[in-house]
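To keep things clear, I will list the structure first and then write my remarks on it.
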Amino acid sequence: MEDDAPVIYGLEFQARALTPQTAETDAIRFLVGTQSLRYDNQIHIIDFDDENNIINKNVLLHQVGEIWHISTSPADKGVLATCYNKTSDTKVMTCAAVWRMPKELESGSHESPDDSSSNTQTLELLCHLDNTAHGNMACVMWEPMGDGKKIISLADNNILLWDLEESSAKAVLSSSAALEGKGQLKFTSGRWSPHHNCTQIATANDTAVRGWDTRSMRQIYCIENAHGQLVRDLDFNPNKQYYLASCGDDCKVKFWDTRNVTEPVKTLEEHSHWVWNVRYNHSHDQLILTGSSDSRVILSNMVSISSEPFGHMVDDDELSDQEDQHQEEKIKEPLQDSVIATYEEHEDSVYAVEWSSADPWLFASLSYDGRLVINRVPRALKYHILL
Amino acid sequence: MAAVTAGSGAGSGPAGSPEATGGSTGGGGWRRPHGPLQRYYGPSTAEAAEAAPDPTDINGPHFDPEVFMTKVRNECPLGQLLAREAALGREIRALDSDMQTLLYENYNKFISATDTIRKMKVDFRHMEAEMDDLAANMAAISASSARVSAALQDRHRRGAQLAGVQALLRKLQALVEVPGRLRCWAGTEPARALRCHARARAVLRHYRHLPSFRAIEDESHAIMADLARRLRTRLREEKLDPKELTECVEMLLQLEEPAEELSEEFLSQAGTRLEAELAALEAELPAADPSGTATTPPPPASDILDFVDRGSSAFVGTLCQLAGSYRALFGGDTGRLEPFAAALATRYFTLLERRLALERGLGDTSLLVRALDRFHRRLRALLELLPAGADAAAALVARAARERVDRYLRALQTFFLGCLGDVRQALAAPRPPGKEGPGLPDLLATLAASVLGQLKAVLAYVQLFTARDVAFASLPYFKGEFCVTAVREGLVVAFVRWLCRTARGFADGPAERGAPAAPPALLLLLARLCLDYENSTISYILTLTDEQFPPQDSGPAVTPGPALCAEARAAAQRLLDHYVQVQGAAVAQMLRKSVETRDWLGTVEPRNVRAVMKRVVEDITAIDVQVGQLFEEGVRRAQSSDSSRRAFSVYSSSRAPGRYAPSYTPSAPMDTHLLSNIQKLFSERIDIFSPVEFNKVSVLTGIIKISLKTLLECVRLRTLGRFGLQQVQVDGHYLQLYLWRFASDERVVQGLLDEVAASAAHRCLDPVPMEHSVVELICERG
């Protein structure tokens, strides 16, 4: 079906950083940050026109360095944070900064794709997250569902909680915690939990996953040896507060109940190389998206551990007789955990996958060679979940 | 003609045939002179009638000399006539002399006959007189005999009367003696007394109206009642062996005691006795532990065979005997016997079961089989009268057998684990330098052989259960279900399954969480073991089992060999994949650390290949040796002529066109990595952690792929200076030089290394590659 065909967009630079525009809930928009050591780096704002299957893009220059991580404010469409490499001849330092994009780009592109190359605009720097004392920045997380005033960044072995003041023009370090231990510890990734009033975050370092309380900045749980090798990414189930997914170099995706960390609830072994990214669908948490350096993106249906293990529940009194029957039929065929689809449009390692913040049935994946692919959940499954 | 022959049969003379006589040369016809005589005396009319028409036949009755003469004269020449005349003359003379001889002979005989008749006439006259004398004498004799018998008759009658009286008197004497005898025998030989009483009883009853007889009867009754009383007491109080018991009850029955009551007493007495037997058996068992948390009971005093022996000879024997006599005594009514026997038999079975449960060890199976056999045999007698027990007994034997088979399975499993422990130890044992420990093939062979040997031994033991001389082997259970369900499925198949599962466990199990992981060599060894099982061992074992325990056609479904093989193969595959992952991860870890910890910006110009690369090559070589010990070489793709070229190679194989029609939106005016993108477009996708084949090359390829892909991903995370790039270049070339020969497809290695080089170039601030000749020089030196 034409509608299910993937849409591919090519960047001229290599890229690792991808994020949906979190604050945008109407238009499908993704931001991609490029990596180039020799040219000016860019942030591509990619608008996807769902009706016409057309991609519109705007390019912002990001001249300070190559982008390793990008995230957008959940409150302000125009605000984003990047982690970038500042390179001198002998030293590479990863810094983080909060930026604002030009006003007219905030909500969709109004220009034709033709003059994009001639008309590149620049980001407006709001503030730097000063990390001179803390080491290389691995990622920046915004407080989910917050007002865009709180961010956490991971720098080497430090967790830094910042308050953005004066309409984000100033970042004040409000508290921090450091992971102490043998050897050189380094956080690889982290996620801010949307549950518990946004007081928890989870971080990954080496083979362990740790949970932290942002109020006390203390560790609240630790999954030692969550993966056989390095843990690359993690994500919280948006609907089940104790559930957490992690992925890593052992090619596995594991699902954890943070109340009992001795054994994973479930393990997926579908990829044939390191899994770099795992993402829960924001609305239907049985849909799991993973990207891997085997160049594949896999969409899995983990119904058994989702918040809707028996399908979408409808209140009885809302049902007419006919619907009643329909409901029964659905109960008769319980859904199985399964791989829904494997997407093979990428030629190089996929380092980032993200669901759209506007359309829960749409997602983007980015491979190192700069190819961005937008895909949809298969229509049959979509209707199966909805009806 | 036929009639002529028949007629002359009596005389047998061919001379009489018309041919001979009717021939014109009739002169030759006189060969047997008696022929005409015989014919003369006995000619049949038919012959006469037949021969009549020929008047020229000189021997025929219708001979007409005139005709003959005329015919001869007319027909014959003179010479012949003369010869004929002479011949006739000779014949006539011969006939005359014959006639004379006959006449003389017969004359003599006639004369002697006449003499004899004359003599007879004289003799008969004498005889008549003597007969008259005889008749007179006989009359006299009969008269005197009548007189004698009349005189004796009276005496004879008296004698007979006297004899009758004497017999009667003797009987009376016996009757009178009955009480005395009874009294005498009642104490010592009650049986004899009973016989005596039985004989006298009828008579006494008949004549009881006579006072004297009544007295006798009463007295004997009293004695018998006393006897009955005594017998009863004995029955009730004493411990009687079954024979005595039977006798006792039999006598009581003869005394016309009520059968109902007796049968009850008989059974209670028998019950007491059997209870005692059971108690004796039970005494040998350790006290039953009601809580079930038995500490290991002390080994039983006697072996199972002994126990069963005693049980069957004492208990079963007695029970049979008693049941037999019960039937004999109380007729076919077994309404009371059956529940009684069933209850006891059940208790016996329970005891036996408890005893069997004590057989925890693997002891001597033949002993167990013999014990069960004996049990079963002895029970057969009992079963004739207690058909309901048959099932229970068969079930008991079957359970015991099954239990034993299960125990063998556990023993096999323990054995295998023991073997594995040995192997692990052998693998872990520190080897003195220069001296290789036992090679993997040796370890594998030892392991496989000992496991197979053990399995065979177990099968041999189990086969005892179905041996031909064992009685219960002919039970339907042992013929069908035991072979299939217990042995084939429960023992052999279960063991193989367990083995595969256990082997898999090393791959699936605790690798990353907690417990120490299995050494890679063990994984490899087990993979090979499972593969061998799949290839040959399983079918061998199953064939062996089916031979020793032939399955019934209608038996329960069996696990087919191919299903087991598939399991073994899956286990082997899983193990080998895991081996690749473990080894790959080890090498990859080394590479990752080496890339992550180095400062690639500030590094100096490369002079050497980095030590870690040498280490990688060494490790992979060691793995190659290790895998080569157990797995075949495998197929390599044809190698290119120049194995060390370092240029982008556009691969010939193309990817299948995607199933989508992607709408490609070009974003950039120029693609900076056009070359690499085109190259990728046509290269095959490489699955890094993918299942490997069962050969050395495939395994090594898998490990190399994992290692190089790691190198690629790690380099991409770094930022390199000029010398950093050159170092990567040198390292890559070195790896290329030494690794291509391990991989199944050299191009895989090359492709990955190309990507590493390309990525390094991208990540380089100042991408000035090193001269290729210099790179080669460094590598050769290193």
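Which entries in A:Lys57/A:Lys170; A:Lys150/A:Lys170; A:Lys186/B:Lys593 show an alpha-carbon gap greater than 18 Å?
Values: A:Lys57/A:Lys170 30 Å; A:Lys150/A:Lys170 12 Å; A:Lys186/B:Lys593 13 Å.
Among A:Lys57/A:Lys170; A:Lys150/A:Lys170; A:Lys186/B:Lys593, the Cα-Cα distance tops 18 Å for A:Lys57/A:Lys170.
Of the options A:Ser174, A:Ile298, A:Ala27, report the single residue whose Cα projects farthest towards the positive end of the charge dipole of chain A (beta-carbon charges: Lys, Arg +1; Asp, Glu -1).
My answer, from the dipole projection, is A:Ser174.
Of the listed peptides A:206-217, B:731-742, what is their order by residue-averaged count of other C-beta atoms within 10 Å, with the highest listed first? Display every interim value, and only then the final one.
Working: A:206-217: 18.6, B:731-742: 22.6.
Taking the mean over residues of other Cβ atoms within 10 Å, the ranking is B:731-742, A:206-217.
Determine, for each peptide in A:69-75, B:454-460, B:154-160, the mean count of other beta carbons within 10 angstrom over its residues, then list the peptides with the highest first.
On the way: A:69-75: 22.4, B:454-460: 17.1, B:154-160: 8.4.
Final packing ranking: A:69-75, B:454-460, B:154-160.
Order of B:Ser698, B:Ser450 from fewest to most other C-beta atoms within 10 Å? Before the final figure, lay out the partial values.
Numbers: B:Ser698 21, B:Ser450 15.
Ordered by Cβ neighbours within 10 Å, fewest first: B:Ser450, B:Ser698.
On average, how many beta carbons from a partner chain sit within 10 Å of the beta carbon of a residue in B:581-593? Before the final figure, lay out each step's value.
On the way: counts 3, 1, 0, 0, 4, 0, 0, 3, 3, 0, 0, 3, 0.
Shielding by partners across B:581-593 averages 1.
How crowded by other chains is A:272-282, given as the mean number of beta carbons from other chains within 10 Å of each beta carbon? Walk me through the numbers before you get to the answer.
Working: counts 9, 10, 6, 0, 1, 0, 0, 0, 0, 0, 0.
Counting other chains' Cβ atoms within 10 Å and averaging over A:272-282 gives 2.
Connecting C-alpha atoms closer than 10 Å in a GNM of chain A, tell me which of A:Arg100, A:Arg232, A:Arg259 has the biggest fluctuation.
Its mean-square fluctuation being the largest, the pick is A:Arg259.
When a/c is below 1.5 the answer is rounded, else prolate if a/b is larger than b/c, else oblate, so apply that to segment B:686-744 with a ≥ b ≥ c taken from the square roots of the Cα gyration tensor eigenvalues.
Numbers: a/c = 5.32, a/b = 1.85, b/c = 2.87.
Judged from the Cα gyration tensor, segment B:686-744 comes out oblate (a/c at least 1.5, b/c at or above a/b).
Return the sequence-ordered ³J(HN,Hα) values of segment B:710-715 in whole Hz as given by the Karplus equation 6.51 cos²θ - 1.76 cosθ + 1.60 applied to θ = phi - 60°, using x for Gly and Pro.
4, 4, 4, 5, 6, 4
Could you please rank A:Glu66, A:Glu106, placing first whichever residue has the fewest other Cβ atoms within 10 Å of its Cβ?
On the way: A:Glu66 29, A:Glu106 17.
Ascending number of Cβ neighbours within 10 Å: A:Glu106, A:Glu66.
Rounding to the nearest 20 debye, state how big the charge dipole of chain A is about its Cα centre with +1 on each Lys and Arg Cβ and -1 on each Asp and Glu Cβ.
Numbers: 32 positive and 60 negative charges, 388 e Å.
It comes to approximately 1860 debye.
Hey, can you rank B:71-77, A:173-179, A:59-65, B:488-494 by average C-beta count inside 10 Å, highest first? Provide the component values of the computation, followed by the final result.
On the way: B:71-77: 11.6, A:173-179: 15.3, A:59-65: 18.1, B:488-494: 20.7.
The densest-packed peptide leads the list: B:488-494, A:59-65, A:173-179, B:71-77.
From the residues B:Ala521, B:Ala494, B:Ala449, which one has its Cα farthest along the dipole of segment B:440-549 in the positive direction, the dipole being from +1 and -1 charges on Cβ of Lys/Arg and Asp/Glu about the Cα centre?
B:Ala494
Evaluate peptide A:87-93: per residue, the Cβ atoms of other protein chains within 10 Å of its Cβ; return the mean as an integer.
Numbers: counts 3, 2, 5, 4, 4, 8, 0.
Across the residues of A:87-93, the mean count of other-chain Cβ atoms within 10 Å is 4.
Assuming a ≥ b ≥ c are the square roots of the Cα gyration tensor eigenvalues, decide whether chain A counts as rounded (a/c under 1.5), prolate (otherwise, with a/b larger than b/c) or oblate. All intermediate terms of the calculation are to be shown ahead of the outcome.
Working: a/c = 1.62, a/b = 1.21, b/c = 1.34.
Oblate, since a/c reaches 1.5 and b/c is not below a/b.
To the nearest 20 debye, what charge dipole does segment A:131-170 have about its Cα centre, counting +1 at the Cβ of each Lys and Arg and -1 at the Cβ of each Asp and Glu? Could the numbers behind the result be given before it?
On the way: 3 positive and 6 negative charges, 12 e Å.
The dipole magnitude comes to about 60 debye.
Taking B:Lys119 as the anchor, which lysines have their alpha carbon closer than 21 Å to its alpha carbon, excluding any fewer than eight residues away along the same chain?
Partners found: B:Lys109.
If I model a spin label as a point 7 Å beyond the Cα along the Cα-Cβ vector, how far apart are those points for B:Ala225 and B:Gln173 in nm?
Result: 3.1 nm between the two label points.
Kindly put B:Leu262, B:Leu529, B:Leu544 in sequence by how many other C-beta atoms sit within 10 Å of each C-beta, fewest to most.
Details: B:Leu262 20, B:Leu529 25, B:Leu544 15.
The fewest-first ordering by Cβ neighbours comes to B:Leu544, B:Leu262, B:Leu529.
Using 7 Å Cα-to-Cβ label points, what is the B:Thr502/A:His195 separation (nm, one decimal)?
4.2 nm
Let me have the 222 nm mean residue ellipticity of chain A computed from DSSP H runs of 4+ only, each contributing -39500 (n - 2.57), with the sum over all residues rounded to the nearest 500. Show your work: numbers first, answer last.
On the way: 2 runs with 20 residues, N = 387.
Helix-only estimate at 222 nm: -1500 deg cm²/dmol.
Suppose every Lys and Arg Cβ carries +1 and every Asp and Glu Cβ carries -1, with no other charges. What dipole size does segment B:705-782 come out with about its Cα centre, to the nearest 20 debye?
Values: 9 positive and 10 negative charges, 53 e Å.
With only Lys, Arg, Asp and Glu charged at Cβ, the dipole is about 260 debye.
Can you classify segment A:40-109 as rounded, prolate or oblate using the Cα gyration tensor, where a ≥ b ≥ c are the square roots of its eigenvalues, rounded means a/c under 1.5, and otherwise it's prolate if a/b beats b/c and oblate if not? Kindly include the intermediate steps, with their values, before the conclusion.
Numbers: a/c = 2.78, a/b = 1.95, b/c = 1.42.
Prolate shape, in that a/c is at least 1.5 and a/b is the bigger ratio.
Taken together, the values in this text are just the output of simple stated rules run on the coordinates, not laboratory data. Just so you know, these numbers come straight off a predicted model, no measurement behind them. Quick reminder, even Gly has a Cβ in these numbers, built from the backbone with ideal geometry, and neighbours come from all protein chains shown.
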